[in-house]
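*Asks:* Submitted below is the structure of interest, expressed as structure tokens.
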Amino acid sequence: MTVRRRASGPRRILHPLAWWLWALGLAVAAFRTTNPLLLVLIATVTCLVVVLCRSDAPWSRSLGLFLRLGVLVIVIRVVIQIVFGNRLPGHVWFTLPSVELPSWAQGVSIGGPVTAEAVVSSFLLGLRLAVILVCFGAANSLASPYRLLRCLPSVLYETGVAVTVALAFAPELVISIQAVREARRLRGRPVRGLAGVRGLAVPVLESALDRSLQLASAMDSRGYGRNRKLSAAQRRLTTMVTAAGLLLVVAGVYGVLAPGSLPLSGLPFVALGAAGIVVGLVLSGRRSIRTRYRPDVWGGPEWITAVSAVIAVVAYTLGSRFGTGGLTYSAYPLAWPTLPLVPMLGTLAGFLPALVAPVPDRPRRLPRTGSGPRREDDRGSRTGTASVPTASLPTASLSTGSTPVDPLLAPRPPVVGPAPDAIPAAADPATGIPVTGNVPSVRSEAVR
Amino acid sequence: MIRFDEVSFTYVDAPAPTLERVNLSIEEGELCLVIGETGRGKTTLLRAINGLVPHFTGGRLTGRVTVDGRSTADHAPRDLADLVGVVGQNPSASFVTDVVEDELAYTMENLGLAPSVMRRRVEDTLDLLGLHEVRNRPLMTLSGGQQQRVAIGAVLTASPKVLVLDEPTSALDPAAAEEVLAALTRLVHDVGLTVVLAEHRLERVVPFADRIIQVPGQGRSLVTGSSAEVMATSTVAPPIVELARLAHWHPLPLSVRDARRQAEPLRDRLAGCRPPGIPPRPESSPRAVSERLVVEYPAVRAISDVSLEVFSGEIVALMGRNGSGKSTLLAQWAGLGRPTGGRVRVNGQDPHRLAPKELIKQVGLVPQDAGLLLYGETVADECVTADRETGLAPGTTGRLLARILAGVPADHHPRDLSEGQRLALALAVIMAPGPGLLLLDEPTRGLDYPSKERLVELLVEWAGDGHSIVMATHDVELVARVATRAVVLAEGEVVADGPAREVVCDSPVFSPQVAKVLAPEPWLTVDEVAEALGVLA
């Protein structure tokens, strides 16, 4: 982590879309294989990139959650196979007592002989799902859903917000579960086991509901959903185009499903309908007045990251198309899997982003005391600002008063990082927020 | 700027209107303070200004609310977003984005401002509120004070003409509160911003207010007037006003400077008597101990090398800025989380190793959000469950609650109680098993004056019974009234530890108003002064 700081500017972080594409690419690759070696390789590359590139933000710890979820998926998969699974032939490990089921439940079996082959196959299917989960966990850790939302075209923005709020629910939930668990301990109630879980659910859901209501009201009062008024004609046009597009798509799908009912098996209808829907969306997007603050940049590192995803997908697709073999692992016969070259190289390409992605600012590690990422001390930042020559904040006078200087009040140099850049002094004509000038001194005496 | 014409408002299913025939007019460039007990309609009044009441809450509003000529009847809150900025009680619950800079830009994005304008305003606001160093930080990792300032900044960037704030300083340490208020005053004076804010900590805001609106609730009409007029008759008043009433000062001083000018005769009268002495430290083995305690979070040292002993009968105030490690220290004593280094002991035992049932007989912690402790459907249900779970005789908790605060409605959901009632209920369930060590995290946040009075009485009574009480608080007036000892933390280290009177009078940030007025003599409260004068007479 000492190598790369090729990014310029204070806030260069990799475009969230690039991270999601990268994760998607690796997930697609994982989906195309059951070779345990390849799956483990994909998971390793993903985790390594996350560890090297993530910031210290709270969401960047979500990978751990997804890893645990992955293990859970594997365990469930294997247990279900052992208890209910099809009785596949092979080397019998052990035999569970089997249960006779009535005739209507044919096809389902409980218990019976458990073969190594059956366990291995179900383990591999579970592993594949787990690796796909890890890929999405990685995307979550590297680019928060909020940032992804910012890239959506304005037409989809409002839908996007709904999705993001839903996604943000998960980390909120973790925080609120933590708080409720602590509170339960303070009340001397069990925090583990079934009783613990039951006691958690209600308060956690309550606080989640509370929070979503507060969030909704905050968003409303901060102008979310403000639209330009469209003329009646424009609105009618938008509705008609969208409705016609939807109808065409429905007709087209019918044509596809029932061949011969429509010319060219309905595909032109689907295409035309889809175009109509897109036009409708674009037209309704004109209502949006939303602008974007410092949009994410798409540059070289983003291209390389996206290309690495494409390489991975292509390598796995080629692998299965041209039968280089080794992509699918069969448990018959049980043997050590081989590592096919092309997919392996494709997977390793997934490591490219770690070499090019700008590393977000990470605070220095302990044992430095003082301001860190959690609960940074207010005064640290306050003194920092007081040292900006142009912004003389009112309380800066606190420490220069005639009162004996208290250790608490003495300005302290900022603990972490360089002195803040001087900001050009100017009163924004639009905000009128002045950056220079002193506070009217009338009322600052209350401090002393 | 803001006009209320004959406004009445009734919540859905509410038996009586919350606001009744309110007539109000707030002019441009006023800093207007809204006071009143909790549950009397302060928040409703504030939220009616931008139409959240009734557009968002439901209920029936009659009359007319206009802001800068726009009526809330035909403008939804979002259509007023360029005109009115609203900051709620709990800033962290209202964050829409995840990073400071994005949060500051969010409203402007919705308003469709040009990127260059947004960029400049964000920079200006970062400077104005001292947020420059945290601009790229995730909001979740900020301290309470920083979050509050981000929330204010996030509405300021849209350059609204009206700013509405609900308890903007209740989560802040005294210096940070001062800073936020000074920034607001500056906006009021320089750009004619109209500010309406509700606050319980009058001692902090009254000096800044041009006008006060008192919401008496229960259908009585609002009392409005200049700060001095309202304060002259108000039942709730900051210590400085109470001192002025005691000493018959005219005109009524609202700031420390005004009071000091008139305080000369009072200081002379008091010259003959000494403030109450410092009580001797109790002679007993310490109840709670931390020895060279170190607590580290992934990349920050929250507590470094703290050694403290708390004796029975002591009321210790833990003070310090937001994020100085107060809550972490309390959590350690309550057995939440393991220390990184050193050790904590409560009654000689490691609280982390105690079983929950055993722990609650030794330590009780009331967190900042007391509601977290309560899960019952009703107050009565909560008390019954508490008795059953802790193996107490049925009715113990209920009786304790009645003694702490009479008249908590037994059939209400804990969520629907007022802040003071909720704290009372939380105290009852925590104190019922009889823990010798009571830890309170910001107990007066959101409490109105009557509730605070009751809390003070209780703390004094419990300390008298031999309980040890440790409270993390920013409320210097509370410290002045009850604390026997004050410990100041900074960056996880103890920077001052001693008798409360000495510690708070030493520091201009932590000294209460009475001490500031009567310095250099260390008088802390109006009651002490009254008693001394009584002795003289």
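The values are calculated or read from the model by the stated rules, or taken from the named source; none is laboratory data. Source: prediction; values computed, not measured. As a convention, Cβ positions derive from the backbone with ideal geometry for all residues, glycine included, and neighbour counts pool all protein chains shown.
*Asks:* Exactly one of (1) of a type outside the set (Gly, Ala, Ser); (2) more than 22 Å from the chain's Cα centre (by Cα); (3) within 29 Å of residue A:139 (Cβ to Cβ) is unmet by residue A:283. Its number?
*Replies:* Failing condition for residue A:283: (3).
*Asks:* Separate question: Condition first: more than 23 Å from the chain's Cα centre (by Cα), closer than 29 Å to residue B:216 by Cα and away from chain A (no Cβ under 14 Å). Can you find one or more residues in the range B:426-447 that meet it?
*Replies:* no
*Asks:* Continuing with the same structure: Residues being surrounded by 15 or more Cβ atoms within 10 Å (Cβ to Cβ) and more than 25 Å from residue B:37 (Cα to Cα): count how many of those fall in the range B:225-262.
*Replies:* Selection size over the range B:225-262: 7.
*Asks:* Right, here's the next one. Considering every residue within the range B:186-194, establish whether at least one is within 11 Å of chain A (Cβ to nearest Cβ), over 25 Å from residue B:515 (Cα atoms) and among the basic types (Lys, Arg).
*Replies:* Checked the range B:186-194: at least one residue is within 11 Å of chain A (Cβ to nearest Cβ), over 25 Å from residue B:515 (Cα atoms) and among the basic types (Lys, Arg).
One line per residue, one yes/no per condition, for (1) farther than 28 Å from residue B:446 by Cβ; (2) under 24 Å from the mean Cα position of the chain (by Cα):
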| site | (1), (2) |
| --- | --- |
| B:13 | no, no |
| B:56 | no, no |
| B:70 | yes, no |
| B:87 | no, yes |
| B:111 | yes, no |
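*Asks:* I'm trying to understand the selection: among the residues of the range B:404-415, which are surrounded by 13 or more Cβ atoms within 10 Å (Cβ to Cβ) and not β-branched (Val, Ile, Thr)?
*Replies:* If the condition is that a residue be surrounded by 13 or more Cβ atoms within 10 Å (Cβ to Cβ) and not β-branched (Val, Ile, Thr), then B:405, B:410, B:412, B:413, B:414 are the ones that fit.
*Asks:* Before we move on, is residue B:104 in contact (Cβ under 8 Å) with a residue 40 or more places away in the chain, in the same structural domain as residue B:131 (by TED's automatic domain parsing) and surrounded by 24 or more Cβ atoms within 10 Å (Cβ to Cβ)?
*Replies:* So residue B:104 passes the test.
*Asks:* Can I ask one more? Please verify whether the range B:212-223 includes one or more residues that are out of contact with any Asp or Glu (no Cβ under 7 Å at 6 or more places or on another chain), closer than 28 Å to residue B:518 by Cα, in contact (Cβ under 8 Å) with a residue 60 or more places away in the chain and within 13 Å of chain A (Cβ to nearest Cβ).
*Replies:* No, that holds for no residue.
*Asks:* Still on this structure, I have one more. Can you find a residue in the range B:449-469 that is among the aliphatic types (A, V, I, L, M) and touching a Pro at 6+ places or on another chain (Cβ under 7 Å)?
*Replies:* Within the range B:449-469, one or more residues are among the aliphatic types (A, V, I, L, M) and touching a Pro at 6+ places or on another chain (Cβ under 7 Å).
*Asks:* Among the residues of the range B:58-80, what is the count of those that are buried (at least 21 other Cβ atoms within 10 Å of the Cβ) and free of Cβ contacts under 8 Å to residues at least 60 places away in the same chain?
*Replies:* 5
*Asks:* Just wondering, is there one or more residues in the range B:294-303 that are crowded, with 20+ Cβ neighbours inside 10 Å, assigned by TED's automatic domain parsing to the domain that holds residue B:516, outside any loop (DSSP other than H, G, I, E, B) and within 25 Å of the chain's Cα centre (by Cα)?
*Replies:* No, because not a single residue in the range B:294-303 is crowded, with 20+ Cβ neighbours inside 10 Å, assigned by TED's automatic domain parsing to the domain that holds residue B:516, outside any loop (DSSP other than H, G, I, E, B) and within 25 Å of the chain's Cα centre (by Cα).
*Asks:* Now, a different point. Kindly indicate whether residue B:149 is assigned to a helix (DSSP H, G or I), over 24 Å from residue B:109 (Cα atoms) and either without any contact (Cβ under 8 Å) to a residue 40 or more places away in the chain or more than 10 Å from every other protein chain (Cβ to nearest Cβ) (or both).
*Replies:* On the way: assigned to a helix (DSSP H, G or I): yes; over 24 Å from residue B:109 (Cα atoms): no; either without any contact (Cβ under 8 Å) to a residue 40 or more places away in the chain or more than 10 Å from every other protein chain (Cβ to nearest Cβ) (or both): yes.
No: the conditions fail for residue B:149.
*Asks:* Still on this structure, please answer the following. For the range B:113-126, does any single residue satisfy the condition of being at the interface with another protein chain (Cβ under 7 Å from one of its Cβ atoms), part of a helix (DSSP H, G or I) and within 18 Å of the chain's Cα centre (by Cα)?
*Replies:* no
*Asks:* Right, next: If we keep just the residues of the range A:280-307 that are hydroxyl-bearing (Ser, Thr, Tyr) and away from chain B (no Cβ under 14 Å), which is surrounded by the most Cβ atoms within 10 Å (Cβ to Cβ)?
*Replies:* Once the filter is applied, the top-ranked residue is A:305.
*Asks:* Sort out which residues of the range B:207-229 are in a helix (DSSP H, G or I) and in contact with a Lys or Arg (Cβ under 8 Å, 6 or more places away or on another chain), and write them in order of number.
*Replies:* Residues satisfying the conditions are B:207, B:208, B:227.
*Asks:* Further question: Report yes if some residue within the range B:360-374 is within 10 Å of another protein chain (Cβ to nearest Cβ), closer than 29 Å to residue B:524 by Cβ and among the basic types (Lys, Arg); otherwise report no.
*Replies:* no
*Asks:* Considering B:531, B:491, which residue is over 17 Å from the mean Cα position of the chain (by Cα), at pLDDT below 90 and under 24 Å from residue B:291 (Cβ atoms)?
*Replies:* Testing whether each residue is over 17 Å from the mean Cα position of the chain (by Cα), at pLDDT below 90 and under 24 Å from residue B:291 (Cβ atoms) leaves just B:491.
*Asks:* Within the range B:367-392, track down each residue that is under 25 Å from the mean Cα position of the chain (by Cα) and of a type in the set (Gly, Ala, Ser). It would help to see each step written out before you state the result.
*Replies:* Of the range B:367-392, the ones under 25 Å from the mean Cα position of the chain (by Cα) are B:367-375, B:379.
Residues satisfying the conditions are B:370, B:371.
*Asks:* Can you name every residue in the range B:314-359 that is in a loop (DSSP other than H, G, I, E, B) and over 25 Å from the mean Cα position of the chain (by Cα)?
*Replies:* Selection gives B:335, B:337, B:338, B:339, B:340, B:347, B:348, B:350, B:354, B:355.
*Asks:* Here's another thing I want to ask about it. Which residues, taken from the range B:71-107, are in a helix (DSSP H, G or I), among the hydrophobic types (A, V, I, L, M, F, W, C), closer than 30 Å to residue A:12 by Cβ and more than 7 Å from chain A (Cβ to nearest Cβ)?
*Replies:* Selection gives B:100, B:104.
*Asks:* Can you tell me which residue among B:5, B:13 is surrounded by fewer than 16 Cβ atoms within 10 Å (Cβ to Cβ), touching a Lys or Arg at 6+ places or on another chain (Cβ under 6 Å) and charged (D, E, K, R)? It would help to see each step written out before you state the result.
*Replies:* Values: B:13 fails: touching a Lys or Arg at 6+ places or on another chain (Cβ under 6 Å).
Answer to the check: B:5.
*Asks:* Identify, by number, the condition in (1) within 24 Å of residue B:259 (Cα to Cα); (2) crowded, with 23+ Cβ neighbours inside 10 Å that residue B:195 doesn't meet.
*Replies:* Failed condition: (1).
*Asks:* Taking the conditions exactly as written (under 30 Å from residue A:353 (Cβ atoms), among the β-branched types (Val, Ile, Thr), buried (at least 17 other Cβ atoms within 10 Å of the Cβ) and out of contact with any Lys or Arg (no Cβ under 8 Å at 6 or more places or on another chain)), does residue A:277 satisfy them or not?
*Replies:* Values: under 30 Å from residue A:353 (Cβ atoms): no; among the β-branched types (Val, Ile, Thr): yes; buried (at least 17 other Cβ atoms within 10 Å of the Cβ): yes; out of contact with any Lys or Arg (no Cβ under 8 Å at 6 or more places or on another chain): yes.
Taking the combined requirement at face value, the residue does not satisfy it.
*Asks:* Say we look at the range B:483-495 and pick out the residues that are crowded, with 18+ Cβ neighbours inside 10 Å and in contact with a Pro (Cβ under 8 Å, 6 or more places away or on another chain); which of these is nearest to the other protein chains (Cβ to nearest Cβ)?
*Replies:* B:490
*Asks:* Could you tell me which of the residues B:430, B:360 is aliphatic (A, V, I, L, M) and within 25 Å of residue B:477 (Cα to Cα)?
*Replies:* Step by step, each of B:430, B:360 is checked, and only B:430 is aliphatic (A, V, I, L, M) and within 25 Å of residue B:477 (Cα to Cα).
*Asks:* Just for the range B:315-355: of the residues that are within 14 Å of chain A (Cβ to nearest Cβ) and of a type in the set (Lys, Arg), which one is farthest from residue B:367 (Cα to Cα)?
*Replies:* B:353
*Asks:* When you scan the range B:321-339, do you find a residue that is at pLDDT below 90, among the charged types (D, E, K, R) and under 25 Å from residue B:482 (Cα atoms), even just one?
*Replies:* yes
*Asks:* Can you tell which of B:186, B:220, B:204 is in contact with a Ser or Thr (Cβ under 7 Å, 6 or more places away or on another chain) and of a type in the set (D, E, K, R)? Let's see the steps before the verdict.
*Replies:* Numbers: B:186 fails: in contact with a Ser or Thr (Cβ under 7 Å, 6 or more places away or on another chain); B:220 fails: in contact with a Ser or Thr (Cβ under 7 Å, 6 or more places away or on another chain).
Being in contact with a Ser or Thr (Cβ under 7 Å, 6 or more places away or on another chain) and of a type in the set (D, E, K, R) holds for just one of B:186, B:220, B:204, which is B:204.
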